[in-house]
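Here is the structure we will look at.
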Amino acid sequence: FNPEIWALVCATIAAYVCAFAWGVKRTAEPTMLALQKQVAASSHLSEGLANVETIKNCTAEQCFNRQYGEATRGVEAAWRIWSRRRLETGIATAAVFVASLGASTWLGLQGVRAGQMTAGEFLLLITYTLQIVGPLEMSGYAVRDLTQGAGYLAGLRDLLALKPEFQSSESRPSSLGPPAITFDNVSLSYDGDRSILSGVTFSVPAGTTLAVVGATGEGKTSLLRLLQKHLAPNSGRVLIGGSPLSDLDAQSLRGRMAVVQQEVALFNTSLRHNILVARPDASDDDVSRVLRLARLEGVVQGLAHGLETIVGDRGFKLSGGERQRVAIARALLRQSDILLLDEATSSLDANTERDVCADLMAMAKGRTTLIVTHRLALASAAASIVVLGSGQVVEQGSHDELMAARGGYYQLWAKQMEPETQTCASASSEA
């Protein structure tokens, strides 16, 4: 073929590359925007379903529906932009195809008319043109789809690119008995501007119990999260058994801990499975023992299917106190040498709390135990008590020592031990 035809082929290839590059660039941003809006809408829906009772109690159905409708309309608008730009890319590539095929046909006809090309050569030219255009289109569409797929994976890619807040070495904590716990001048802040802890220093001797008390928001629970390596201090050190926490393997460390949290996470499975999460290889006798110690025997007997009863999503078929007793049963089953209690009795009635407190303190014997609580009756049973104020240690000592000092702990005790009827009456008169 003559140079004009070869020039046309090269121009066609260049035009296809430019058309698809232009299309990929124009659809990349709408793809990301649509995915972000779709994730936000899905999260909004999931949050609403998880908190459906709160929405009903606040009669906020219309407000939620309106917000979800706005979110889905945003998703639709973003996908409309994406679809329009994708269609524009298709039109551009179709125009390149029509132009290249039309130009090839015109050049071929001119060659046949001038006697420079036979009819067979003309058909061969058209066939070659179609065979060149077809793979170019397929390659272009493949690149476009791959680019869209990369956009779908962008969030996962960004997540994998994040660096951990702190690195764990392969060192494993010693398993020779319960370790001592030390907070050495520990400071912690969220996002660098909200100070939670400031220069906190105290120790829990091996095999003893220490309670941390103080007003809400003083950073008591943050101490437990630091111990479990869910957070890293901004400054200072946390030591377990004399080894800095940063040098210990997180999984091995957590394997030595039993934790009772205020917010109990339950799975939508049987009650037995939710208890065995703490130690899957536990025997039936072990399960029966912790049910008795956690005062769950009566609850199990009242369930239609006993331990095989499905507790529902987040354990909604159980009361708050029953869920907390499940958490206590998990801790009892764990058989660890470090025990962490975070408001472990906050959802229990007075009689059950008294019995469970006695069982918890019995379980704490021989274990290094750190108790975070507002209930000073539980704190008073600890060998030592730390009082936090403004994110710092303001008092430390035994219950008798702190009561004799008549400081902040004494005031908390006096206020909490005041008869409930008198407290409510005072609040009512002030109102």
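Computed from the C-beta positions of Val39 and Ala414, the FRET efficiency with R₀ = 41 Å rounds to 0.20. Accessible surface ranking for Tyr16, Tyr410, 1.4 angstrom probe, highest first: Tyr410, Tyr16. Where both partners of a DSSP beta bridge lie in the chain, what percent of those bridges are antiparallel, to the nearest 5? Beta bridges within the chain, antiparallel portion: roughly 50 percent. Counting 0.36 nm for each residue step from Asn51 to Asp284 and taking away their Cα separation leaves a gain of 80.4 nm. Modelled label positions at Ile13 and Ile91, each set 7 Å beyond Cα in the direction of Cβ, lie 2.9 nm from each other.
What's the center-to-center distance, using Cα atoms, between the stretch 174-249 and the stretch 1-40 in Å? If you average the Cα positions of each part, the centres end up 56 Å apart. If R0 is taken as 56 Å, the Cβ-Cβ distance between Ile126 and Glu308 corresponds to a FRET efficiency of 0.15. Binning all Cα-Cα separations of the stretch 246-384 at 5 Å, short to long from zero, yields these whole-percent fractions: 2, 10, 21, 24, 20, 13, 7, 2, 0, 0. Placing dummy labels 7 Å off each Cα toward the beta-carbon, the span from Ala99 to Ala383 is 8.5 nm. In a reduced charge model with +1 at each Lys and Arg Cβ and -1 at each Asp and Glu Cβ, the stretch 227-334 shows a dipole moment near 260 debye about its Cα centre. Rolling a 1.4 angstrom probe over the chain with all protein chains present gives an accessible area of which 56% lies on carbon and sulfur atoms. Debye calculation, C-alpha points only, no solvent: report log10 I(q)/I(0) for the chain at q = 0.08 Å⁻¹, in the same order as the q values. For the chain, the Cα-only Debye profile gives -0.68.
Sort the stretch 251-332 into rounded, prolate or oblate with this rule: let a ≥ b ≥ c be the square roots of the eigenvalues of the Cα gyration tensor; rounded if a/c is under 1.5, and if a/c is not under 1.5, prolate when a/b is larger than b/c, oblate otherwise. Prolate. Divide the volume of the convex hull around the Cα atoms of the stretch 1-121 by the residue count and you get 106 Å³ per residue. The magnitude of the dipole of the stretch 183-258, with charges of +1 and -1 set on the Cβ of Lys/Arg and Asp/Glu and taken from the Cα centre, is near 200 debye.
Helix 320-334 against the longest principal axis of the chain: what's the angle in degrees, Cα atoms only, rounded to the nearest 10? Helix 320-334 sits at roughly 90 degrees to that axis. Based on protein heavy atoms only, the chain ends up with 55 Å² per residue of surface accessible to a 1.4 Å probe.
With θ taken as phi - 60° and the Karplus curve 6.51 cos²θ - 1.76 cosθ + 1.60 applied, the whole-hertz 3J(HN,Hα) list for the stretch 135-140 is x, 4, 5, 4, 5, x Hz, x standing for glycine and proline.
Taking the Cα centre of the chain as reference, the dipole from Cβ charges on Lys and Arg (+1) and Asp and Glu (-1) amounts to some 760 debye.
Amide H contacts of Val212 (H built 1.01 Å from N, in plane; Pro and chain starts excluded): Ile371, Val372, Thr373, Val386 sit under 5 Å, all sequence-distant by 5 or more or on other chains. For the chain, the longest principal axis of the Cα atoms and the long axis of helix 350-364 meet at an angle of about 80 degrees.
Annotation: amide H-H contacts under 5 Å for Leu248 (H modelled 1.01 Å from N, sequence separation of 5 or more, or interchain): Ser169.
The values are calculated or read from the model by the stated rules, or taken from the named source; none is laboratory data. As the structure is a computational prediction, the values presented were derived from the model and not from experiment. Reconstructed Cβ throughout: ideal geometry from the backbone, glycine too, with neighbour counts over all protein chains shown. Ligands, DNA and RNA are excluded from the accessible area calculation, which covers all protein heavy atoms including side chains. Shrake-Rupley method; radii C 1.70, N 1.55, O 1.52, S 1.80 Å.
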